[in-house]
Structure formats: structure tokens, C-alpha cells
Amino acid sequence: MDIRTKISLFPHSPGVYRYYDAEGNVIYVGKAKDLHKRVAQYFVPKERLTRKTAVMVSKIADAQYSVVDTEADALLLENNLIKQYKPRYNILLKDSKTYPWICISADEYPKAYLTRRIVRDGSRYFGPYSSVVHARNLLELFSTLYPLRTCNNRITSDAILRRKFRPCLNFHIGKCRGCCIGAISRQEYNDNIEEIVRLLKGGGREMIQHYKDLMLKASESMDFEQAGIYKEKMQSLEKHYSKSLIMNTTMGSLDVFSLIFDSGEAFGNFMRLHDGAVIQSLNLGFKLNIEEDQAAVLSMFVSEIQSKFGTLSKEVIVPFLPDVEMDGVEFRIPVRGDKLALLELSAKNAKEMRFNALKQREHTDPDDFRQKVLEELKNALGMDVLPVHMECFDNSNIQGTNPVASCVVFRDGVPSKKDYRHFNIRTVVGANDYASMKEVVNRRYSRMLAEAPDDLPQLVVIDGGKGQLAFAYEALAELGLTERLTVVGLAKRLEEVIRVGDPYPLFIDRNSQALKVLQRIRDEAHRFGITHHRNRRSKAQIESALRDIKGVGEKTEQRLILHFGSVARIAAAPVGDLAALVGNELAERIHKSLNAD
């Protein structure tokens, strides 16, 4: 049956539809209030579809559907099917890590501990916590208020009666009440556990008031020691919740969702509040493989939170309405007051997630990052093409001696060291940076035009200001290359970019990656040039010391340097040692000449 004929038979009912490709793979899962109308929207003239959606539709070979009772049921089924099939064109969760939970174990004497695995053994789990630090701070608070056991012993009433265990160090230092030896009753121990459960469910303010009442009652009965214990617990709770409390307690319980969209991605934050304190918080990322309506992404986010945390609160704060209504849940868009502040706080968390994701991508996806840097550099310099091939020139000399120049090459934003070149200045006498720059640029590109005319760079960077740039441009003009590549100068003092014919320098944002790549290629050219210049100076010094001696040629010089390591060691060597290499007469002459002073 033709696909268009098949979808024309879809019912006017809420449900979930699935698209298959020619190989039978599920490529898209969607929900609908009316299956017939929703699916028909994909099979319209191509011009009315977005580019990515049109590509998906072109691959549809078959379609199937499942009818459900309500939109909310369709949303949950859609979420489950997406997790099962992982369709190519669906919104996909990018956050696959497991968040920690606080577990209250199902023992006679329970433990409270952190875990990332949920085992259906009767234990109670609270969370998940997007911050491990926050979860550990809670456990630390519990250990301060209620010294519970942390051991892995299977403590039962029978084991206590048989005196199976001995108290550990935690008992002796006051960090455990010693339930393993019966030092605390099972009733009292489990009362402490229930108080921890109340705290995990968001009853912090209630517990603070509870300990305040107990403290006053103990004070009235003159039991000041016990009153002091209650006061310490009350203060520990107040200290903890002074960090967690963000709103007034009159708001009751509510959930908050926020979403930030950024070129094919969405970053969401969920917060659950009880009595003004955040008791759950989670960040999730979504990859949008086709153009999805923002309301649909929010619905998917809500569905995912339901699958993790269960039923939503009766009041849910959102930046915009989802495309699904849910029984017993009221979605609200705040415009002022504390609830708007809550939504802004949630959005701040989502933005922070986006920022961290982008920073992390700089290190985990270097190809994409380099592409973005080159795009940024192209736009900053006003170039027509991407500078995938860049070269930078630098001159080095000391008071005109041993003048050299260096050329370093970057391809795709990274050094291509096999293409680096050194130049010894041939035609310029003395310290003339301008003329030296013109010489090396002319030599470099006249040779490239002869040997590899298709490998010319898109960008040439000159280490220097207007003078060096002008002479480099003159060399390029003589070769007829000024229209085929862009040449700029990078001055060190203010890191300004000098352009030919522009009286004003270009100042690129100091924090931008575009400027950083220019600085990096300039610094690499300087390093490469200085190394070569230092080697030439050293060689010249050796030559001036040894070559001036009658009878010492290049081979003799090399033999002596390889044996002794330096001119200083040659000068200090006994004549007999020198004679073993060059003969008695020349050894005497070398020793006398090097020690003439």
C-alpha cells in the first residue's frame, strides 16, 4: 500500500505514530492529539517543510500508529519508544550519565548512603541529585544530627542478643550510637531514620521548629544538657537550610522547568521545591535532529522528569506552555514576584549548562572547534575565504649580525611543522628589518609559484607594524599575489592588527579565539626564528675561534668539537690530547692561539 494511502486511513484519535525507512528501522516517533491530522502535516509540498524535515520525509517508507486514551498517555508512550528505538530524527537526550541518589536501606537498622544504582529490595531512594557535593553535604548533616551506623554488617535483633559484633572506632569517638551492641533501641534508631526521611522530603522548616519546641520544653524542665543537644541540632539545620532556602515557605510545593535553545540543541533545568527549599534539581540536554516546536521540546522534558521522579507537583512553573495538557497539573507562566525569580534561577542553571557544554566541546571536539575559530578569524578580518592555510614571517638579528628570518605554517588552525622554513638573509647588509622582510617574502612565494602554485596560503601574517607590512605587501605586489591572498601585520605592543591601506588598526576582542590563533602563529614564528638565530650565532662564534687558526678547516673543527664538546674544553685540553686528533704541530698552534689571552 502506498504510504500516502496508508496515512489517510489513520484514525482521528490521540496516539503515537512511527516512521520507518526502507530497511525497516524506526527513524521518527511522534505523539498526536489527532493522529490523522498530525501525520498529514508531513506529506505536503516540499516547499512548505523545513530542510531537515523534508530530508526525513524523503526517507519514510512505512508508518504505523498506536492509539491511547489521552494526550498525556501519548506523551509517556512517545518517551518510552524514543528510549527504546533511539530514532535518528527525534529529540534525543544528550545527558546519559547516572545521577546519585540517597538510599535508606531496608534493614532492621537502616543505613543512609549515596548510590547510583536503584535496587528494588524495599529500600527508599531520594533524589536524584545533579550535585554530588550537595548529596554528600546532606549525608554529613545527617551524621551530625543522628550518629547512624556506616558499616556493612547485617545487624539484626538476634545478632545483637548473641553479641555477634564488637563496637568499632566510630562508636568510641561518638559518630555511631552502637546499634550493633544494643546501645540504642531499635525504636529510637528508627525514629532517627524517619526524621531523616522527613528532611529528605523537604521538611526542613518543620524539623527546625520541632527541635526548637523540644529545646524550650527541656529548658523549662531544667534539663539544660538535653536542651543544648536540641539547640545544636536546630542550629545545624538552620545553617544548612540557610544555603538551600531560596523562597518563602508560603508557596508550598511546586516544580520549575526552564529551557534554553541554541542551534539544534536545547538545555533544560528542573527544580522541585518543598517549603521554600530545593529538594531536587536536574539538568538535561536535548539534541534536536529536526526543527521541533519549543512547546514539543518542553513536553518531552516534562515527560522525562515524570519518568525519573514520578508524579509532578500540582503547580508547575514554565517559561511557555507545553503542547500537552495533563490532568491534575496546572502550568503557569509567572510575570512577577517570587515565582518569576524562581524561573529566572532555573534559567540561570540551564544557561550555565549550555556554557559548560560549549567549553567542554572545545576540548572534546577539536575539529568543530577549529572550524569555528577559523570562521571567527575570517569574519574578523573581512576575508572572503576561510584561512585554512596561514603563514607567518619573523625577522631575527642582533645589531645586524647573523640576520635570519623564519616562516611557520598553520593548516586548519594547527602547526604544520614539516612546512616550516628558515631563511638566511642574502641581499641586505646590516639591521634592516624592512628590506629583510621584503627579501624573504619574495623568495618564499616566488618559489611557491614555481613549484606549488595551488598551495598558496589564504592568509599571511607579518610579525611587526606598518613598515614591515608595507615591504611585505610590496613583495607580493611584484609577484602579482595581492588579489589572491590576504596579508596583515600583528603589532606586539597592543596586539593590534594592521591592514594595508587602512590608517586605523583593527583591535580584535582580546578574549576571542580569532586573536589567540594570530598570537599563537606569531609566537611560533618568533620561537622558530630565535632558535635558528641562536644556532647561527653559536656556529659563528666557533668559526671565529677555530677557523682563524692556520691549518684548521671545517673537518678539523668538527672533529675537535665532537670530541671535546666546546671551544672552552678544547682550550683547556692538554696539548697531548689535541695532538692525538690533529698532530703535534697543529695541536701546539691551537693550544697557543686559544690561550693567547
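The values are calculated or read from the model by the stated rules, or taken from the named source; none is laboratory data. Fair warning: this is a prediction, and the values are worked out from it, not measured in the lab. So basically every Cβ, Gly included, is an ideal-geometry build from the backbone, and we count neighbours across all protein chains shown.
The single residue among Gln84, Gln41 that is within 28 Å of Gly310 (Cβ to Cβ) and not assigned by TED's automatic domain parsing to the domain that holds Asp327 turns out to be Gln84.
Of the residues making up the stretch 383-410, those that are at pLDDT below 90, surrounded by 14 or more Cβ atoms within 10 Å (Cβ to Cβ) and assigned to a strand (DSSP E or B) number 9.
When restricted to residues that are surrounded by fewer than 19 Cβ atoms within 10 Å (Cβ to Cβ) and under 20 Å from Leu490 (Cβ atoms), the stretch 413-432 contains 6. Listed by position, the strands (runs of 3 or more DSSP E) inside the stretch 435-539 whose residues that are modelled with pLDDT under 90 number at least 2 are 497-499.
Only one of the numbered conditions (1) at pLDDT 80 or above; (2) under 24 Å from Glu71 (Cα atoms); (3) surrounded by fewer than 20 Cβ atoms within 10 Å (Cβ to Cβ) is violated by Glu265, and that is (2). If we keep just the residues of the stretch 136-157 that are without any contact (Cβ under 8 Å) to a residue 40 or more places away in the chain and over 38 Å from the mean Cα position of the chain (by Cα), which is farthest from Lys175 (Cα to Cα)? Ranking the qualifying residues of the stretch 136-157, first place goes to Asn153. Restricting attention to the stretch 200-214 and to residues that are surrounded by 14 or more Cβ atoms within 10 Å (Cβ to Cβ) and at pLDDT 80 or above, the residue that is nearest to Tyr109 (Cα to Cα) turns out to be Leu214. Among the residues of the stretch 133-159, those that are at pLDDT below 85 and among the β-branched types (Val, Ile, Thr) comprise Val133, Thr144, Thr150.
Gly24 meets all of the listed conditions (1) modelled with pLDDT under 80; (2) at positive phi but one, namely (1). Here the stretch 69-104 is the region considered, the condition is being buried (at least 18 other Cβ atoms within 10 Å of the Cβ) and among the β-branched types (Val, Ile, Thr), and the residue that is modelled with the lowest pLDDT is Ile91. Scan the stretch 284-341 for residues that are outside any loop (DSSP other than H, G, I, E, B) and either on the phi < 0 side of the Ramachandran plot or buried (at least 18 other Cβ atoms within 10 Å of the Cβ) (or both) and the total you get is 31.
Per-residue answers, yes or no, for (1) within 24 Å of Ser396 (Cβ to Cβ); (2) among the acidic types (Asp, Glu); (3) in contact (Cβ under 8 Å) with a residue 60 or more places away in the chain:
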{"site": "Asp463", "(1), (2), (3)": "yes, yes, yes"}
{"site": "Gly467", "(1), (2), (3)": "yes, no, no"}
{"site": "Ala470", "(1), (2), (3)": "yes, no, no"}
{"site": "Ala475", "(1), (2), (3)": "yes, no, no"}
{"site": "Leu481", "(1), (2), (3)": "no, no, no"}
{"site": "Arg484", "(1), (2), (3)": "no, no, no"}
{"site": "Gly489", "(1), (2), (3)": "yes, no, no"}
{"site": "Asp502", "(1), (2), (3)": "no, yes, no"}
{"site": "Ile508", "(1), (2), (3)": "no, no, yes"}
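Per-residue answers, yes or no, for (1) buried (at least 20 other Cβ atoms within 10 Å of the Cβ); (2) over 18 Å from Ala74 (Cα atoms); (3) without any contact (Cβ under 8 Å) to a residue 60 or more places away in the chain; (4) within 38 Å of the chain's Cα centre (by Cα):
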| site | (1), (2), (3), (4) |
| --- | --- |
| Asp2 | no, yes, yes, no |
| Tyr17 | yes, no, yes, yes |
| Ala22 | no, yes, yes, yes |
| His36 | no, no, yes, no |
| Lys46 | no, yes, yes, yes |
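Tell me, yes or no, whether the stretch 188-199 has at least one residue that is of a type in the set (Lys, Arg), modelled with pLDDT under 85 and touching a strand residue (DSSP E or B) at 6+ places or on another chain (Cβ under 8 Å). No, the stretch 188-199 contains no residue that is of a type in the set (Lys, Arg), modelled with pLDDT under 85 and touching a strand residue (DSSP E or B) at 6+ places or on another chain (Cβ under 8 Å). Among (1) in a helix (DSSP H, G or I); (2) under 40 Å from the mean Cα position of the chain (by Cα), there is one condition Asn190 misses while meeting the rest; what is its number? Going through (1) in a helix (DSSP H, G or I); (2) under 40 Å from the mean Cα position of the chain (by Cα) one by one, Asn190 breaks only (2). Residues in the stretch 554-597 that are in a loop (DSSP other than H, G, I, E, B) and either over 60 Å from the mean Cα position of the chain (by Cα) or surrounded by 12 or more Cβ atoms within 10 Å (Cβ to Cβ) (or both): Ser566, Ala573, Pro574, Gly583, Asn595, Ala596, Asp597.
Quick one: is His12 in a loop (DSSP other than H, G, I, E, B) and under 26 Å from Ala295 (Cα atoms)? In short, yes. Considering only residues that are touching a helix residue (DSSP H, G or I) at 6+ places or on another chain (Cβ under 9 Å) and not aliphatic (A, V, I, L, M), look in the stretch 460-472 and name the one that is surrounded by the most Cβ atoms within 10 Å (Cβ to Cβ). Checked the stretch 460-472; the qualifying residue surrounded by the most Cβ atoms within 10 Å (Cβ to Cβ) is Asp463.
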